[in-house]
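Take a look at the structure below.
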Amino acid sequence: MRYLLREMENVQKLLFIYNANSGKANAFLDSMHKVFSPQTYDCKLCELTFGAVLENRTWKKFRQETDLEMVFLHKDEFTKKYKSKFGYKFSFPIVLTEGGNGLEVVIATEELNQLKTVQSLVRLVKERT
C-alpha cells in the first residue's frame, strides 16, 4: 500500500478502528479470547493497546501526551458513523485519518498485524503523522 505522506503532514485526527464489535458482552468475550486463545485473536490493535482488561501503560502514556486527536471505534460503530453510498472497503483493524479527500489509510491492516510491540505501534504513528 502506498502512502502520500506529504499530504498527511497536517494530520490532526486519527481514527483507530478495532476488529471487534462494541458492547459489554463483546468486550467480555474479547477479553476471554485474549486470555484463553491469544494466537487466534483477530484484533492486533486491541492486543497491542489493551491487555485482557486494562489499557497498556505505554500506549496510554503516548495517547495522553500527544497533540493528535485520537478517536477509537469498534468496527460496528465505524460502519454506522461513516456510512457511505460508495461503501468503504476497509479491512480491520486499521488506522485512518479524515482529510479533504475523505478517509485515508495511515496504517493498513496488514501492517498492524505485523507489529509485535506497542512501542512499534507508537513509532509508526509518530512516523506517519
* Asked: Where residues in the stretch 40-58 are surrounded by fewer than 17 Cβ atoms within 10 Å (Cβ to Cβ) and under 14 Å from the mean Cα position of the chain (by Cα), which of them is modelled with the highest pLDDT?
  -> Glu55
* Test: Phe72 is out of contact with any Cys (no Cβ under 6 Å at 6 or more places or on another chain), closer than 25 Å to Gly23 by Cα, part of a loop (DSSP other than H, G, I, E, B) and among the aromatic types (Phe, Trp, Tyr) -> no
* To do: Working carefully through the options Leu103, Leu115, find the one that is surrounded by 16 or more Cβ atoms within 10 Å (Cβ to Cβ) and at pLDDT below 90.
  => Leu103
* **Hey, Lys61 among the basic types (Lys, Arg) and either closer than 21 Å to Leu115 by Cα or at pLDDT 90 or above (or both) or not** => yes
* Tell me which residues, restricted to the stretch 102-129, are touching a residue at least 24 places away in the same chain (Cβ under 8 Å), part of a loop (DSSP other than H, G, I, E, B) and either of a type outside the set (Gly, Ala, Ser) or in contact with a strand residue (DSSP E or B) (Cβ under 6 Å, 6 or more places away or on another chain) (or both). => Leu115, Thr117, Thr129
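The values are calculated or read from the model by the stated rules, or taken from the named source; none is laboratory data. What you see is a predicted model; the values in this text were computed from it and never measured. Virtual Cβ from ideal backbone geometry, glycine too; neighbours counted across all protein chains shown.
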